[in-house]
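Before any comments, here is the structure.
The values are calculated or read from the model by the stated rules, or taken from the named source; none is laboratory data. This structure is a prediction, so every number in the text was calculated from the model and none was measured. No Cβ is skipped: glycine too gets one built from the backbone with ideal geometry, and neighbour counts run over all protein chains shown. Just the protein is used for accessible areas: all its heavy atoms, side chains included, with ligands, DNA and RNA removed. Shrake-Rupley method; radii C 1.70, N 1.55, O 1.52, S 1.80 Å.
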Amino acid sequence: MVIKYKLVKKDKASKARLGVITTPHNSFETPMFMPVGTQATVKTMTKEELEANGAKIILGNTYHLWNQPGHKIVEEAGGLHNFMNWDGSILTDSGGYQVFSLARLRDIKEDGVTFKHHKSGAKLFLSPEIALEIQNSLGSDIMMSFDECPPITSTREYMENSVERTLRWAERGLNAHARIEDQGLFGIVQGGSFEDIRVHCAEELVKMPFDGYSIGGTSVGEPKEVQNQILDYTIPVLPEDKPRYLMGVGSPGAILDAVERGVDIFDCVLPTRIARHGTAMTTHGRLILKNKEFERDFTPIDDECDCYTCKHYTKAYIRHLIKAEEILGQRLVTIHNTRFLLRLMENIREALKEDRFLEFKNEFYQKYGLNDNDKDF
């Protein structure tokens with residue numbers, strides 16, 4: 001296996017675990033959050049800012065990089081690491097989620113998916129083989145198998161057929177993988193909220209020689225209790241000696257609940273997306289910084305945060321920048337939000353080392369103001 005996972009410690013009171021993932025570019029402790037760099041950039045942030053925030057691995061988007069600038073151009077540049085000047089690890093998704101969430105007029109068949117580009121309307125075709133070819137050209141450390149991400153509301157019959165096709169696509173992707181010496185490949189568990197279908201999918205994927213396993217089809221509008229139930233019956237099927245990745249999850253409550261159930265890595269556009277609208281994640285919950293209450297607030301966004309933004313700027317100044325539609329405002333909140341989640345992961349790992357994870361989780365929930373109906377789950 002190209003991607004190595006070392007289990008360092010299990011939590012005594014939950015299924016949470018402390019580990020280390022080693023890729024061709026670096027090693028990092030888990031649980032870990034991956035900032036999303038859709039277009040080979042975490043929006044508004046430089047490499048140096050990401051490193052200062054503690055990022056060790058970031059995510060790139062196969063669908064978008066395939067369309068702009070094109071995977072062959074990235075390959076000519078020496079791969080995605082050289083192209084974007086990033087020394088850490090990179091995970092690329094397969095493009096499957098974007099095909100099923102952004103693209104128009106999809107036609108799903110056994111050989112792949114024909115669809116129209118989400119902006120231009122140009123006709124495109126993506127298959128397991130093409131998804132692997134693109135990711136091989138990008139040169140990411142961890143690639144994702146091409147799958148279908150059906151809506152959580154799909155019928156049982158549709159979900160059964162979709163999962164069987166995803167399993168066949170997974171085998172085709174493994175066969176198409178051209179750089180087995182220096183790129184890892186993860187399988188993706190689908191199945192919606194049907195326990196037996198999802199367990200079947202996980203069991204079949206585990207029989208295949210993947211470097212790790214992802215849990216897909218959550219964070220698509222389902223209640224948090226459903227997401228937790230999916231993790232409860234899926235994770236026990238996955239091997240202990242390989243990474244577990246929960247796709248598209250980035251709110252603090254969902255991360256903490258998933259860590260408690262044994263998840264190792266996460267990604268989400270949430271911290272950067274809400275930052276561009278002036279919303280900050282803080283120890284005491286979210287702040288909408290353009291609100292008038294911060295007009296004369298000359299304190300940091302979060303007095304417990306050690307990020308560049310909180311060390312140098314106040315809520316009043318950032319509010320002014322956001323109201324004036326100055327790009328610096330978006331940058332400063334983005335720096336803060338990514339550091340907030342990466343610092344949360346650091347605190348989780350420290351709590352695991354000290355056998356006090358559930359205590360830390362409960363303390364965080366109380367301070368953050370989370371409850372069962374909280375939108376910030």
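Data for the structure
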item: Scan of region 68-85 for residues that are in contact with a strand residue (DSSP E or B) (Cβ under 7 Å, 6 or more places away or on another chain) and open to solvent by 10 Å² or more (accessible area, probe 1.4 Å), ordered by number; result: 81
item: Strands (runs of 3 or more DSSP E) completely within region 213-291 that count 2 or more residues being open to solvent by less than 30 Å² (accessible area, probe 1.4 Å), more than 30 Å from residue 327 (Cβ to Cβ) and in contact with a Gly (Cβ under 8 Å, 6 or more places away or on another chain); result: 244-246
item: Residue 91 within 19 Å of the chain's Cα centre (by Cα) and more than 30 Å from residue 232 (Cα to Cα); result: no
item: Top-ranked residue of region 278-317 - restricted to ones that are aliphatic (A, V, I, L, M) and in contact (Cβ under 8 Å) with a residue 40 or more places away in the chain, ranked as farthest from residue 339 (Cα to Cα); result: 289
item: Residues (hydrophobic (A, V, I, L, M, F, W, C), surrounded by 14 or more Cβ atoms within 10 Å (Cβ to Cβ) and part of a loop (DSSP other than H, G, I, E, B)) located in region 293-341; result: 301, 305, 307
item: Count of residues meeting criterion [closer than 21 Å to residue 143 by Cα, modelled with pLDDT of 75 or more and either open to solvent by less than 30 Å² (accessible area, probe 1.4 Å) or assigned to a helix (DSSP H, G or I) (or both)] in region 101-122; result: 2
item: Test: residue in region 116-132 that is among the hydrophobic types (A, V, I, L, M, F, W, C) and out of contact with any Gly (no Cβ under 8 Å at 6 or more places or on another chain); result: yes
item: Among the residues listed as 127, 145, 137, 120, the single one being within 18 Å of the chain's Cα centre (by Cα) and of a type in the set (Ser, Thr, Tyr); result: 145
item: Subset of region 342-359 [within 17 Å of residue 8 (Cβ to Cβ), open to solvent by 10 Å² or more (accessible area, probe 1.4 Å) and part of a helix (DSSP H, G or I)]; result: 346, 347, 349, 350, 353
item: Selection status of residue 164, open to solvent by 40 Å² or more (accessible area, probe 1.4 Å) and assigned to a loop (DSSP other than H, G, I, E, B); result: no
item: Enumeration of residues in region 128-161 that are assigned to a loop (DSSP other than H, G, I, E, B) and closer than 29 Å to residue 28 by Cβ; result: 139, 140, 141, 145, 146, 147, 149
item: Residue 125 open to solvent by less than 10 Å² (accessible area, probe 1.4 Å), aromatic (Phe, Trp, Tyr) and either closer than 13 Å to residue 178 by Cα or part of a strand (DSSP E or B) (or both); result: no
